[in-house]
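Q: What follows is a single structure, and I will ask about it in a moment.
Values quoted throughout were computed directly from the atomic coordinates according to the rules given, and no laboratory measurement underlies them. All values derive from a computational prediction rather than experimental measurement. Don't worry about glycine lacking a Cβ; one is built from the backbone with ideal geometry, like all the others, and counts go over all protein chains shown.
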Amino acid sequence: MHQLTLAEIARGLADKKFSAEELTRTLLARIAQLDPQINSFISLTEELALQQAKAADVRRASGENGALLGAPIGHKDLFCTQGVRTSCGSKMLDNFKAPYDATVVAKLAAAGAVTLGKTNMDEFAMGSANESSYYGKVRNPWNLEHVPGGSSGGSAAAVAARLLPAATATDTGGSIRQPAAFTNLTGLKPTYGRVSRWGMIAYASSLDQGGPLARTAEDCALLLQGMAGFDPQDSTSIDEPVPDYSAGLNDSIQGLRIGVPKEYFSAGLDPRIAERVHDSVKELEKLGAVIKEISLPNNQHAIPAYYVIAPAEASSNLSRFDGVRFGYRCEEPKDLEDLYKRSRGEGFGAEVQRRIMVGAYALSAGYYDAYYLKAQKIRRLIKNDFMSAFNEVDVILGPTTPNPAWKIGAKNNDPVAEYLEDFYTITANLAGLPGLSMPAGFVDGLPVGVQLLAPYFQEGRLLNVAHQYQLNTDWHTRTPQGF
Ligand code: GLN
């Protein structure tokens, strides 16, 4: 049963081949048996899961038939879940039980999804390796000595190891697409404003966006359907109708114009990944797509701009965790200043502290113009590049990551080396565009992802292209050994 996709689970439940309760018990047992190897969960919610599964079975018995009714999922541990620890991977929130549900959590629960647990993540979603969690690093099911990607590494590892068919995740600079690439999954970062951020603990508010991680584009469509929509409680949520994401999956891609940016094939790209990308281009050409070389001239400025803007917003967002209003409080403070200093010094890990310092520096008087304002200008140039490219093409294709998953610990002493791994993903966040990563082969037994980008609100187009690709390739069906 653990091999079933969300779409297959929906059919199995509708045909009464198994109940949601049976499925939930099977997966909970599998998690207990296998998760110690990969550490993909921070908290399990067995009681809640069984209660939701039984309720889903009752709803099905009375004739309801939604695609997510009885579907087991996990939530990245930054989505507030009422009565359940919501830690954001940090000691700072180790004892925080959310008093309410995030909109995403509430919407999926209403659709009948069953929450098995909260998944591990880089502390405050900062990272590309899932090594910075207070709850320990996550391992990649494809090779336990390698990282699963981050920051949604727990969601990715759990789905890749077949502990869950799908999970929620968030993407500020690549944290859905990059772990999807590293673990042979399909992951979609929606258009900024498509999925509500209410109840999603903020990292960088102008970049953060929730989305689905699953094995197939078909499953991403189902999960996104349950997550997307206008939310008056999020002032950046956009009031656009939500299309039926499954309806267009089978559309032909004959004549679809795919742009391949020449800047993507620079020195930093592993040539073996470049080959996999070219293979995927050939495959899509066979399906009728028309390939065109394009240019994104400001692409190379994205990493420096992002690593000013994201820390700047983080330093502001994380100021609320001071041991008084929110978060961990140190033992026996001498005075108020000692309380602030030690609560934040003991509650936040090293990478989070580094980002807060960089961000506070970039925002300080005297440096604001030189760093923050300049980064915002670059952000506009990057957006403009995409706007002109989308005058010529329907979709942009490239690698998701320059390298396959690296060995655990390999980049621990060099944060900038890890930042550079975000080269292909962060531009979509800076521009607010939707992006998807899909499995496209292997290098040394480690998965490789291909990224597709589309104009605003064209999530359906990304899912359509990925689904057509998946109907004609079998990379996404491969299972890691031992799972
Ligand atoms: N790796 C990027 C960072 O560390 C992106 C993280 C994310 O998307 N949450 O900021």
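Q: Where in the chain is the longest stretch that carries no GluC sites (Glu not before Pro) classed as loop by DSSP and with at most 15 other Cβ atoms within 10 Å? It would help to have the intermediate numbers written out before the result.
A: On the way: sites that count: 64, 145, 331.
My reading of the result: 146-330 is the longest stretch.
Q: Another question, then. Can you give the FRET efficiency to the nearest 0.05 for residue 286 and residue 110, using r as the Cβ-Cβ distance and R₀ = 51 Å?
A: With R0 = 51 Å, the Cβ-Cβ based efficiency is 0.80.
Q: For the range 359-417, just say rounded, prolate or oblate: build the C-alpha gyration tensor, square-root its eigenvalues into a ≥ b ≥ c, call rounded for a/c under 1.5, and beyond that prolate if a/b exceeds b/c, oblate if not. Write down the numbers at each step before the final one.
A: Details: a/c = 5.26, a/b = 1.03, b/c = 5.10.
Cα axes put the range 359-417 in the oblate bin.
Q: While we're on this one: Can you figure out the FRET efficiency of residue 474 with residue 293, using R₀ = 41 Å and their beta-carbon distance, to the nearest 0.05? Show your work: numbers first, answer last.
A: On the way: r = 29 Å, r/R0 = 0.70.
About 0.90, to the nearest 0.05.
Q: Could you give the length gained by full extension between residue 374 and residue 15, i.e. 0.36 nm per residue of separation minus their alpha carbon distance, to one decimal place?
A: That pair, residue 374 and residue 15, stretches by 123.5 nm at full extension.
Q: Just need the relative contact order of the chain here, percent rounded to a whole number, with Cα pairs under 8 Å and 6+ apart.
A: Contact order relative to length: 18 percent.
Q: Go through 118/341; 76/107; 189/286; 76/374 and tell me which ones have a Cα-Cα distance over 21 Å in this structure.
A: Values: 118/341 29 Å; 76/107 15 Å; 189/286 27 Å; 76/374 33 Å.
Checking Cα-Cα distances, 118/341; 189/286; 76/374 exceed 21 Å.
Q: Tell me the Kirkwood hydrodynamic radius of the chain in angstroms, computed as one over the mean inverse distance between distinct C-alpha pairs.
A: 22.2 Å
Q: Determine the sum of side-chain charges near residue 479: Lys and Arg each +1, Asp and Glu each -1, restricted to other residues whose C-beta is under 10 angstrom from that of residue 479.
A: +3
Q: Ok, one more. Does the range 252-408 come out rounded, prolate or oblate, given a ≥ b ≥ c as the square roots of the eigenvalues of its C-alpha gyration tensor, rounded meaning a/c under 1.5 and, failing that, prolate meaning a/b above b/c?
A: Prolate is the answer for the range 252-408, as a/c is 1.5 or above and a/b outweighs b/c.
Q: So which chymotrypsin sites (Phe, Trp or Tyr not before Pro) in the range 340-407 are both in a DSSP loop and have at most 15 other Cβ atoms within 10 Å of their Cβ?
A: Sites meeting the loop and neighbour criteria: 367.
Q: Something else about it: Label residue 346 and residue 443 with points 7 Å out from Cα along Cα→Cβ: what is the distance between them in nm?
A: 4.4 nm
Q: Looking at the chain only, what percent of DSSP beta bridges run antiparallel? Nearest 5 please. Please list the in-between numbers first.
A: Details: 29 of 44 bridges.
Just about 65 percent of them are antiparallel.
Q: Once the other residues with Cβ under 12 Å from the Cβ of residue 334 are scored (Lys, Arg +1; Asp, Glu -1), what is the net sum? Kindly include the intermediate steps, with their values, before the conclusion.
A: Details: positive: 341, 342; negative: 331, 332, 335, 337, 338.
My count for the surroundings of residue 334 gives -3.
Q: Further question on the same structure: Taking R0 as 45 Å, what FRET efficiency do you get between residue 242 and residue 414 from their Cβ-Cβ distance, rounded to the nearest 0.05? Kindly include the intermediate steps, with their values, before the conclusion.
A: Numbers: r = 42 Å, r/R0 = 0.93.
Step by step, r from the Cβ atoms, then E = 0.60.
Q: Could you give the nm distance between label points at residue 94 and residue 360, where each point is 7 Å from its Cα heading toward the beta carbon?
A: So the label points at residue 94 and residue 360 sit 2.3 nm apart.
Q: Can you compute the modelled spin-label distance between residue 270 and residue 205, with each label point 7 Å from Cα toward Cβ, in nm?
A: Placing both labels 7 Å beyond Cα along the Cβ direction yields 3.8 nm.
Q: Let me ask something additional. Net charge near residue 53: determine it from the other residues with C-beta under 9 Å of the C-beta of residue 53, scoring Lys and Arg +1 and Asp and Glu -1.
A: -1
Q: On a full-extension model of 0.36 nm per residue, what is the gain between residue 26 and residue 278, subtracting their alpha-carbon distance, rounded to one decimal in nm?
A: Values: separation 252, 0.36 × 252 = 90.72 nm, distance 3.98 nm.
Extending this stretch completely gives an extra 86.7 nm.
Q: Report the extension gain between residue 230 and residue 338 in nm, rounded to one decimal, defined as 0.36 nm multiplied by the number of residues separating them, less their alpha carbon distance. Could the numbers behind the result be given before it?
A: Numbers: separation 108, 0.36 × 108 = 38.88 nm, distance 4.27 nm.
So the chain would gain 34.6 nm between residue 230 and residue 338.
Q: Is the shape of the range 158-273 rounded, prolate or oblate, going by the alpha carbon gyration tensor and its root eigenvalues a ≥ b ≥ c, with a/c under 1.5 for rounded and a/b larger than b/c for prolate?
A: It comes out rounded by the Cα gyration axes.
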